[in-house]
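Here the structure comes first, spelled out in structure tokens, and everything after it is commentary.
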Amino acid sequence: MRTALRITTAPRRMPTHPVPIRRSVRADPRWPQIVAALQALRDAHRHAVRIIDADCACGTLLIEVVRHARAMGFTAIEGRGIDGSPALIGRARAAAARLHDPAIGLAFDMLDLRIALATEVEAPADLLLWHGARAADDTGMAPLLAAAAVRVIADRAGTA
């Protein structure tokens, strides 16, 4: 009589070494909040994440955030960068083209920020990165920011 042998494998663990990130990104005051927000999503057993970077400039922060999310184990990552400068969006698109990972989808759009955020209201992102150069309340952006994402991470306290 044969007995069935069950072999179970240990759950795959993600590497514990940190993802190398650019010095400018590490200096960003939002970085610890971004990492904590991504970790909270992973702790909730999420495998997909959607991130918007408002006023993304050349896309450096958003690209590093999606790379970090991938290293944390997210298997479907969507990033959208929004800026009004054609030159900066061009640089962001060129940098995104160098990122070859089928789990990561990046789009960089040259749009008016208010219009772009209004399109996000129907399906809010998980995270919205806001540079907070001006207080959101002073510019009337606070309601748009709050409606466009579940969590807004700003670089200045009180901007969103």
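Pick from A116, A69, A94, A107: which is more than 17 Å from I51 (Cβ to Cβ) and among the aliphatic types (A, V, I, L, M)?
Sole residue among the options that is more than 17 Å from I51 (Cβ to Cβ) and among the aliphatic types (A, V, I, L, M): A94.
Quick check on P102: is it surrounded by fewer than 13 Cβ atoms within 10 Å (Cβ to Cβ) and out of contact with any Ser or Thr (no Cβ under 6 Å at 6 or more places or on another chain)? Considered against the rule, which asks whether it is surrounded by fewer than 13 Cβ atoms within 10 Å (Cβ to Cβ) and out of contact with any Ser or Thr (no Cβ under 6 Å at 6 or more places or on another chain), P102 comes out as yes. In this structure, R91 does not satisfy being buried (at least 19 other Cβ atoms within 10 Å of the Cβ) and of a type in the set (D, E, K, R).
Of everything in segment 117-160 that is assigned to a helix (DSSP H, G or I) and open to solvent by less than 10 Å² (accessible area, probe 1.4 Å), the residue that is modelled with the highest pLDDT is A148.
Quick one: would you say R50 is open to solvent by 40 Å² or more (accessible area, probe 1.4 Å), in a helix (DSSP H, G or I) and at pLDDT 95 or above? When the stated conditions are applied, R50 does not pass them. The residue of segment 53-64 that is surrounded by the most Cβ atoms within 10 Å (Cβ to Cβ), among those that are within 10 Å of the chain's Cα centre (by Cα) and in a helix (DSSP H, G or I), is L62. None of R67, R114, R80 is charged (D, E, K, R) and outside any helix (DSSP H, G or I) except R80. None of R46, R50, R42, R30 is basic (K, R), farther than 18 Å from L106 by Cα and within 13 Å of the chain's Cα centre (by Cα) except R30. Take the conditions (1) outside any strand (DSSP E or B); (2) modelled with pLDDT of 90 or more; D109 misses just one of them, which is (1).
The values are calculated or read from the model by the stated rules, or taken from the named source; none is laboratory data. Computed from a predicted model, the values in this text were never measured in an experiment. Heads up, the Cβs are rebuilt from the backbone with ideal geometry, glycines too, and the neighbour counts pull from every protein chain shown. For accessibility, only protein heavy atoms count, side chains too; no ligands or nucleic acids. Shrake-Rupley method; radii C 1.70, N 1.55, O 1.52, S 1.80 Å.
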